Amino acid sequence: METHARYFLIGIFSLVVTISLVLFVLWLGKLHLDRDYQEYDVRFHESVTGLSIGGLVQYHGIQVGEVRRLSLDANDPREVRVRIRVAADTPVKTDTKAQLSYTGLTGVAVVEMFSGTPKAKLLREVDTRHAPEIDTVPSTLSQLMSGGSGAMHSAQEVMARIAEVLNDENIGRVSALLNNLAAVSNDVKSDYPALREALTGARELEQRLGSAATRADALLAQLQEGVKAKDGQPGTGLVEQARDAVAEIRSAAREVDAFAQAGKSTFGSLDEQARNELTATLQSLQQASDNLVRITQKFDQGPADYVLGGETLPVYTPESNKQ
């Protein structure tokens, strides 16, 4: 009897423990079932590759629910309707947007939600349907593919235009232009020493003309101030000296004219920098020549009147000294 009583107590104890475990599991399940959820519909206008039932639903990166159903839209098969279930306290508002995001290297897709302004109303308070609809935005991958298509089209247009510009005819023209530039460069390089020598000679001649004009001006000033005959005419010897000086100046003026004309004959073969420099020099020499010719003409017309008439010989200043 004692043996049977012992087995009975063990059986009763085992039954009580089993019932207790079942009740505990049911209690845990009841807590899970009693938790509040809210379902929403999300309409995607793109492929949802990588998204499956049971997939994660995140709100600013925090898991708040899961995907419950995937289906094509009955009216537009290009759209995909995704039913999600999230915790009831998730702040899904009227300006909340949903986006398809991909995690990791495996390409697993999740539904990512992000909210707008804090003052926006809750979506379920505005949309009283069982499953309010959340607006969506294109995924990053979709935007990249769309932008890449436009960039590829632009690149194709650019390549077509480049090919049009670089045709055989234009390449030949560019080659001819480069050959001409090389030939001009070689000509300028070979003539450059002679050009430098010519410019140096022009400057030296210009300085000599300036010095001669200064000496002539001093001589005529002396004649005007004190060297006069009784009849108001300058001395014969001084007049003859002045004539000799003016004749020498006239000869220098002719030399300047000849040099200027020779410089102009080769003017067209120079580069721009040398051309500008030679132009200034030739203009200065031409001006000096004109002044000297004018002086000699007046002197020939009347030596005494020119010497004693009060007109001062203009002093020639070279262009190099003016600068």
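All of the numbers you see were taken from the coordinates with simple rules; none came from a lab. Computed from a prediction, not measured in an experiment: that's the story for all the values here. Glycine also receives a Cβ, built like all others from the backbone with ideal geometry; neighbour counts cover every protein chain displayed.
Charges only on Cβ, +1 for Lys and Arg, -1 for Asp and Glu: so what's the dipole of the stretch 36-139 about the Cα centre, in debye to the nearest 20?
Here the size comes out at about 60 debye.
Counting charges near Ala109 (Lys, Arg +1; Asp, Glu -1) among other residues having Cβ under 14 Å from its Cβ returns a value of -3.
For Asn180, what is the net charge nearby, where nearby means another residue's Cβ is under 12 Å from its Cβ and Lys, Arg count +1, Asp, Glu -1? Don't skip to the answer; put the middle values down first.
Working: positive: Arg173; negative: Asp187.
After counting each charged neighbour, the total is 0.
Distance between the pseudo-spin-label points of Glu197 and Thr128 (7 Å out from Cα toward the beta carbon): 10.9 nm. Computed from the Cβ-Cβ distance with R0 of 51 Å, the FRET efficiency linking Ile12 to Ser52 stands at 0.55. Remark on Thr96: its backbone amide H falls under 5 Å from those of Gly116, a criterion applied only to residues 5 or more positions apart or on other chains, H modelled at 1.01 Å from N. For Val137 and Val25, the FRET efficiency from 1/(1 + (r/R0)^6), where r spans their Cβ atoms and R0 equals 51 Å, is about 0.75. Here the calculated FRET efficiency for Glu79 and Arg161, from their Cβ-Cβ distance with R0 = 35 Å, stands at 0.35, rounded to the nearest 0.05. Remark: spin-label model distance Tyr37-Ala87 equals 1.4 nm, labels positioned 7 Å along the Cα→Cβ axis.
In order along the stretch 110-119, the phi-based Karplus estimate (6.51 cos²θ - 1.76 cosθ + 1.60, θ = phi - 60°) of 3J(HN,Hα) comes to 10, 8, 9, 10, 9, 9, x, 7, x, 7 Hz; Gly and Pro are listed as x. Remark: the His153-Lys189 segment gains 8.1 nm on full extension, using 0.36 nm per residue and subtracting the alpha carbon distance.
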